[in-house]
Amino acid sequence: MKNLKISIALIAISIFTFYAFVPVEPVDKSLETYWIYDGYEDGVSVYKKSKRFEQDKPGFEFQKDGIMIKRQNVGWCGTPPISYGNYKGKWKQIEDNKLQLEYDYWGGRDTMILEIVSLTKEDLKVRNVTAYK
């Protein structure tokens, strides 16, 4: 019985060790562009690919080397008309389908975790899974 417990423990440790060192699949390069907010469906934010930011909509520009620009509200009030500004930040892939974004905003600095639900040549669908404290 003691040998069985030791064997099970060794197998569990081996499986954990294997999965702990499996490399994260890189996000497709098609992420590196402008994404303009297009709506919200069932807890998922939908963004459309663009060549530039739009004056009256939020969005992201993901650049290579982990650089990003987040276009968002320039103040605390969300009542229209809303003024938008571009804020510098950085992004990194933390899991196969998760991105960590760190960026400036009107009140300081913030961090967001986005789960990529789908990424096509024209659409980006993400779910904010940030665990706020």
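The values are calculated or read from the model by the stated rules, or taken from the named source; none is laboratory data. Computed from a predicted model, the values in this text were never measured in an experiment. Here the Cβ positions follow ideal geometry from the backbone for every residue, glycine too, while neighbour counts run over all protein chains shown.
Name every residue in the range 21-32 that is modelled with pLDDT under 85, under 20 Å from Ile69 (Cα atoms) and of a type in the set (A, V, I, L, M, F, W, C), in order of residue number.
If the condition is that a residue be modelled with pLDDT under 85, under 20 Å from Ile69 (Cα atoms) and of a type in the set (A, V, I, L, M, F, W, C), then Val27 is the only one that fits.
Got a sec? Which of Glu102, Glu54 is surrounded by 14 or more Cβ atoms within 10 Å (Cβ to Cβ), within 20 Å of Lys125 (Cα to Cα), modelled with pLDDT of 95 or more and under 20 Å from the mean Cα position of the chain (by Cα)?
Glu102
Counting only residues that are part of a loop (DSSP other than H, G, I, E, B) and modelled with pLDDT of 95 or more, how many does the range 33-42 have?
Of the residues in that region, 1 qualify.
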